[in-house]
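Input: a single structure, listed below in structure tokens.
A short reminder: the numbers here are calculations on the coordinates, not readings from a lab. Every value quoted in this text rests on a predicted model; they were computed, and no experiment measured them. For neighbour counting, all protein chains shown are included, and Cβ atoms are generated from backbone atoms with ideal geometry for every residue, glycine included.
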Amino acid sequence: MYDIVEKAKAISSKIIGWRRDFHKHPERGFQEERTSKIVADELRRLGIEVVEGVGRTGVVGILRGGKPGKVLAMRADMDALGIQEENDVPYKSVNDGIMHACGHDAHTAMLLGAATVLSGIKDRIKGTVKFVFQPCEEGSGWESEKDEDRSGAAAMIKDGVLENPDVDAIVGIHVWMGLPSGTIGVKSGPILASADEFEAVFTGKAGHGAYPHLCVDPIVMASSGVLNAQTIVSRNVNPLESAVVSFGAISGGTIFNAIPEKAKVIGTIRTFSEEVRSLVSKRLGEILEGTAKALGGECNYRYSPFLSPTINDSEIAEKFRKVAETLFGKDKVVEPEPSMGGEDFSFYLKKVRGLFFLLGIGNPEKGIVYPHHNPKFDVDEGVLYMGSALFAAFAVDYLS
């Protein structure tokens, strides 16, 4: 497999060029028209079968090996964020208010690099590789209750990305600022948390701020509810488990001397298991509704589940670890700490087994220190060929 590393390294400048082009022309979720066209054109140039419009703006490349066998999918997300870039670089975003601040430009470029390498050695492949270029990983808002309207992964699954031919396993990558550049993070079990939203509207009785005894104050209800909810993690969740209940906004009222009729809080719940996820969402509703009732009002609690925990298959993780160690040495492969961040890659892992792995890009010597979703986020481009090599080598190994 060492020649795969050399082949990936030989096209490093091309991978970097793709990444810079995508970075300069970022597109939001389900709007990746330019990115998708470039991806499709590159895949066709490589002689790879292409299906466009999967999950609205997604692209799937199908590479059939020299012999029949299993099917491995490899996924890269393509969408950018609604952030104004502050980097002063030649490839700075030209689209106002839109930026690749999470590394999806690098993911797309690395998967194109893997497609380039594998297309040149397809006779060595026993089976089929599906290159999944996915839109809208960052989500398109909580307005819809349909997963396929909020998540590119759910939209692609609905359109049959895991079928025709049926996928046996799937692998995804994320560049990771929390790991030193060139470090490969591989972990069995939960690696990223669930990501759900909740909303609670408290209703009381409005009136003059000078006569609170004639009112039922929803702001006091909301404030008390926020504080009471802090007992969920400390008193309801097993101390050996992990959970987060965060309130992102609280609103109510319009003027200083009036008690409003309503107040609202919104926030997120994060967990690593479905059992804890169910417990926390249930207890939060009970506490917020109970607090409102105790203070003489009402609470309308709405819980909106979205992303499940991203849970890696142990066998796939071990196979991938061995490939990574063979390519780059044991000292380059680590078991990363799980993160409370969420990923819609979890939708795939609910359907087929697979692995979501990390590639470290943090490099203080190059000034690559800003976290994901920061307006100064950037990646160490010198290690992107490693992602392409890992994708390609694992495909050959797994399918053999």
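Compared with the dominant Cα axis of the chain, that is its longest principal axis, helix 384-399 is turned about 80°.
About the centre of its Cα atoms, the chain shows a dipole size close to 660 debye [charges on the beta carbon of Lys, Arg (+1) and Asp, Glu (-1) only; nearest 20 debye].
Rounded to the nearest 5, the antiparallel percentage of DSSP beta bridges internal to the chain is 65%. Largest GNM mean-square fluctuation across G225, G29, G152, computed for the chain with C-alpha springs under 10 Å, falls on G225. Here segment 21-95 and segment 200-272 have alpha carbon centers that stand 42 Å from each other.
Evaluating 6.51 cos²θ - 1.76 cosθ + 1.60 at θ = phi - 60° for every residue in segment 209-215, the Karplus couplings come out as x, 7, 10, x, 6, 9, 10 Hz, glycine and proline recorded as x.
Each Cα pair of the chain feeds into the Kirkwood radius, which the Stokes-Einstein equation turns, at 4 °C and 1.567 mPa s, into a diffusion coefficient of 58 µm²/s.
What you get for segment 273-400, charging only the Cβ of Lys and Arg (+1) and of Asp and Glu (-1), is a dipole of about 280 debye around the Cα centre. Compared with the dominant Cα axis of the chain, that is its longest principal axis, helix 218-228 is turned about 60°. Of the residues S304, L72, Y385, the one whose Cα sits farthest toward the positive end of the charge dipole of the chain, with +1 on the Cβ of Lys and Arg and -1 on the Cβ of Asp and Glu, is L72. The angle separating the long axis of helix 104-119 from the principal Cα axis of greatest extent in the chain is about 30 degrees. Straight-distance candidates among the lysines for linking to K322, with alpha-carbon spacing under 26 Å and chain neighbours fewer than 8 residues away dropped: K7, K9, K67, K70, K122, K126, K130, K187, K330, K332, K350, K351. Neighbour counting of Cβ atoms within 10 Å sorts the residues I269, I255, fewest neighbours leading, into I255, I269.
Selection among Y211, A200, L295 by position relative to the dipole of segment 195-307 gives Y211 as farthest towards the positive end (Cβ unit charges, Cα centre).
Considering helices alone, the calculated mean residue ellipticity of the chain at 222 nm is -10000 deg cm²/dmol, with DSSP H runs of length four and up weighted by -39500 (n - 2.57) and normalised per residue. Report note on the peptides 120-130, 159-169: ranked by the mean count of other C-beta atoms within 10 Å, highest first, their order is 120-130, 159-169. With neighbours defined as other Cβ atoms within 10 Å of a residue's Cβ, the residues Y303, Y211, Y348, Y91 order from fewest to most as Y211, Y303, Y91, Y348. Annotation: the residues V94, V265, V379, sorted from fewest to most other C-beta atoms within 10 Å of their own C-beta, follow the order V94, V265, V379.
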